[in-house]
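Before any comments, here is the structure.
Every number in this text was worked out from the coordinates using simple rules, so none of it is lab data. Fair warning: this is a prediction, and the values are worked out from it, not measured in the lab. Cβ atoms come from the backbone with ideal geometry, glycine included; neighbour counts cover every protein chain shown.
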């Protein structure tokens, strides 16, 4: 015998070969029958094999896809970044690629898909391309966003979506390339709507709001049909609506729109057997978009709306800079300030302070308004300075403190099942010097029954920094009592950070000028940069410093959800501004507490 024969194959080798062949058959059957669309692609990027689900998704026979370029089938070459990553996976230099693509089906419809490219599990040459249909998920996300951005009563865009559109319209790239470079706003408030709610109930009130929304939408559609663009109609809350005109052609266009809106509301409303008539007041603002901010535009519209109501309601009024500057003269106000306190012409509105992390109402800032019989409702900047000059701020401050504490206690009693919210009251420097502020606060808390920790006193940075003697003693006594002390407009005054460790301060309120720099979402794929990139660095540093000192931070003038997202990301505790709410009467805060789902400003 020659001895060249290899002899019989060992039994162990036969078993291993059989198992390998068996496993390969099982894997092949699983691959072919899997509901997930899959294809094996070689290192050259060509399809080696595809399962039935892959063929169904792309509208072809899986066998007919063999040899095709995989990148063409699932659109991986349409942008340079994805194409480069895909090539790196093919060469074994990158672990995996995952991206979202809109694929075109041969029958004409589109398929939103998530494409994943990863090495084969057995380590063989090539990669596995899997494609998951995510159309249902995207549709659900779109529906959820629509619900988040629209008012459930009127189905109009809500405050959040309105400010997104307004902010986008005021960005330079929105108007520099095309359009008129102007923007217009009609700010509409229903006259006497509260009486409808009080007498007929909220159900009828909601039906009336929905009917008003329909008529305003019809006006906007008719206006848009005659011009280049349709105005955006939004419900900002309560009985307030806005009609935003991007690329406006001038005040005449806005005047026509306001006139059409008022005329549309003239006809009586028939609501389930109730025949109701109402009127509205409209503040109209039209100006160049360049140099305009969302807050500035809304403040002008708010002022003009007050003019329309003061002029007799049921009318529209155009913003007049000269009237804004000179109508309310210092002399006229100064002569009537003290008697106005005695006549009870002042009222408090409350602006929500919202937790950045959970979006819930945690407190309110009390803001004083003067319901002047001649000049209408006046904001604090019209009369606080005068009150400080003539000393009436002490009397006015006592009234504001007592009113705010009494209201906070009332909310607490009316909503025993909800965590009590605190109220923040502004205190002028002269109140500390010319009155016994500590005694006033102690007496007010005792009379109203409000717990000290539910009261926050706000003093400006310039008043607090450098405090010594009586002011510092008063602040320390108030803090020892349990009252929280907040520094308002922090970052605009002395900013002597050394004092922060010595003063009995518990809250810093960042001035709105810092927040306005947060105009763009900090997404790496976005080429736009904030107008002042240093703002975010400064704010983050101040927040970190405050937290190290045991202080909390409130950001003022939060206008957009993007600003809220970035502030939340860098650790800001509380937000306040138009994104959440304008200052509102006490009964609106009661409604928010009663809803038990006041979640706003979340992405």
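Sort largest first and round to whole Å: the equivalent ellipsoid semi-axes of the range 18-137, each the square root of five times a Cα gyration tensor eigenvalue.
Ellipsoid half-lengths, sorted descending, are 22, 19, 12 Å.
How far is it, in nm, from the label point at residue 311 to the one at residue 198 when both lie 7 Å from their Cα along the line to the Cβ?
So the two model labels end up 2.7 nm from each other.
Which order do the peptides 195-205, 548-558 take when ranked by the mean count of other beta-carbon atoms within 10 Å per residue, highest first?
Ranked from most to least packed, the peptides come out as 548-558, 195-205.
Under a crude label model (7 Å from the Cα following the beta-carbon direction), how far is residue 332 from residue 118 in nanometres?
It works out to 7.3 nm between the two label points.
Please give the length that would be gained between residue 447 and residue 105 if that part of the chain were fully extended, namely 0.36 nm times their separation in residues minus their C-alpha to C-alpha distance (nm, one decimal).
Between residue 447 and residue 105, full extension yields an extra 115.8 nm.
Would you calculate the convex hull of the Cα atoms in the range 534-591 and tell me its volume per residue in Å³?
Output value, Cα hull per residue: 90 Å³.
Given [x] 41.0; [y] 54.6; [z] 28.6 as candidate values of mean projected area of the Cα convex hull in nm², which corresponds to the one derived from the coordinates?
[x]
Counting only C-alpha contacts under 8 Å and six or more residues apart, can you give the relative contact order of the chain as a whole percent? Walk me through the numbers on the way to the answer.
Details: 1007 pairs, mean separation 53.4, N = 603.
So the answer I get is 9 percent.
To test your reading of the geometry: what angle, between 0 and 90 degrees and rounded to tens, separates the Cα axis of helix 80-90 from the longest principal axis of the chain?
40
For every helix of n ≥ 4 consecutive DSSP H residues, a contribution of -39,500 (n - 2.57) applies; sum these over the chain, divide by its total residues, and give [θ] at 222 nm rounded to the nearest 500 deg cm²/dmol. Mind dumping the intermediate values first?
Details: 24 runs with 258 residues, N = 603.
Computed mean residue ellipticity for the chain: -13000 deg cm²/dmol.
Of the listed peptides 255-264, 435-444, 139-148, what is their order by residue-averaged count of other C-beta atoms within 10 Å, with the highest listed first?
Packing proxy ranking, top to bottom: 255-264, 435-444, 139-148.
Please state the equivalent ellipsoid semi-axes for the range 333-409: what are the square roots of 5 times the Cα gyration tensor eigenvalues, largest first, in whole Å?
Those come to 27, 13, 11 Å.
Could I get the Rg over Rh figure for the range 301-359? Both from C-alpha atoms, Rh via Kirkwood, rounded to two places.
1.12
Given a Förster distance of 22 Å, report the FRET efficiency between residue 148 and residue 168 from their Cβ-Cβ distance, rounded to the nearest 0.05.
Taking R0 as 22 Å, the efficiency between residue 148 and residue 168 is 0.80.
If you take the C-alpha gyration tensor of the range 150-326, multiply each eigenvalue by 5 and take the square root, what semi-axes do you get, largest first, in whole Å?
27, 18, 14
For a Förster distance of 60 Å, can you work out the FRET efficiency between the beta-carbons of residue 134 and residue 176, rounded to the nearest 0.05? Walk me through the numbers before you get to the answer.
Numbers: r = 36 Å, r/R0 = 0.60.
Between residue 134 and residue 176 the formula returns 0.95.
Write down Rg/Rh for the range 330-594, rounded to two decimals, with Rg from the C-alpha atoms and Rh from the Kirkwood relation over Cα pairs.
Numbers: Rg = 18.7 Å, Rh = 19.3 Å.
Radius of gyration relative to Kirkwood radius: 0.97.
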